[in-house]
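Worksheet: one structure, shown below.
The values are calculated or read from the model by the stated rules, or taken from the named source; none is laboratory data. Keep in mind that what you see is a predicted model, and the values were worked out from it rather than measured. Ideal geometry is used to build each Cβ from the backbone, glycine not excepted, and the neighbour counts take in all protein chains shown.
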Amino acid sequence: MVDRKCIACGIIKDRNNLIKITAQAENVVINGGSKIFGRSAYLCYNKTCIENAFKKNRLKKMLKVSVPNELKGKLLDELRNSQDK
Ligand SMILES: [Zn+2]
């Protein structure tokens, strides 16, 4: 079990229970898997944490890249997909 911390609420969870966001050069990859390397941030599968990560620019600060606005939509899609399972 690998513990990671949600950048929005600070709760520590197993990384399988968090959305992984990795910055790779100019790209930002969501749940890229173990072959994706780069600076990563983690978020809970919940809308509040996703929104807070953007509201307070935490994602940008953690990843040290500019975060495209559409990333928020992609994260919310990821959340929706995980709930459909
Ligand atoms: Zn959280």
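Restricting to segment 63-77, count the residues that are closer than 20 Å to Leu18 by Cβ and in contact (Cβ under 8 Å) with a residue 24 or more places away in the chain.
We begin by selecting, within segment 63-77, every residue closer than 20 Å to Leu18 by Cβ; these are 63-65, 67, 71-77.
Subset that is in contact (Cβ under 8 Å) with a residue 24 or more places away in the chain: 63-65, 67, 71, 74-76.
So the count comes out to 8.
Determine whether Gly32 is over 20 Å from Leu76 (Cα atoms) and either surrounded by 12 or more Cβ atoms within 10 Å (Cβ to Cβ) or at pLDDT 90 or above (or both). No; evaluated as a whole, the condition is false for this residue. In the set (1) away from the ligand (no atom under 16 Å from the Cβ); (2) under 10 Å from the mean Cα position of the chain (by Cα), the condition left unmet by Lys35 is number (2). In the condition set (1) buried (at least 18 other Cβ atoms within 10 Å of the Cβ); (2) within 11 Å of the ligand (Cβ to nearest atom), Ile21 is compliant with all but (2).
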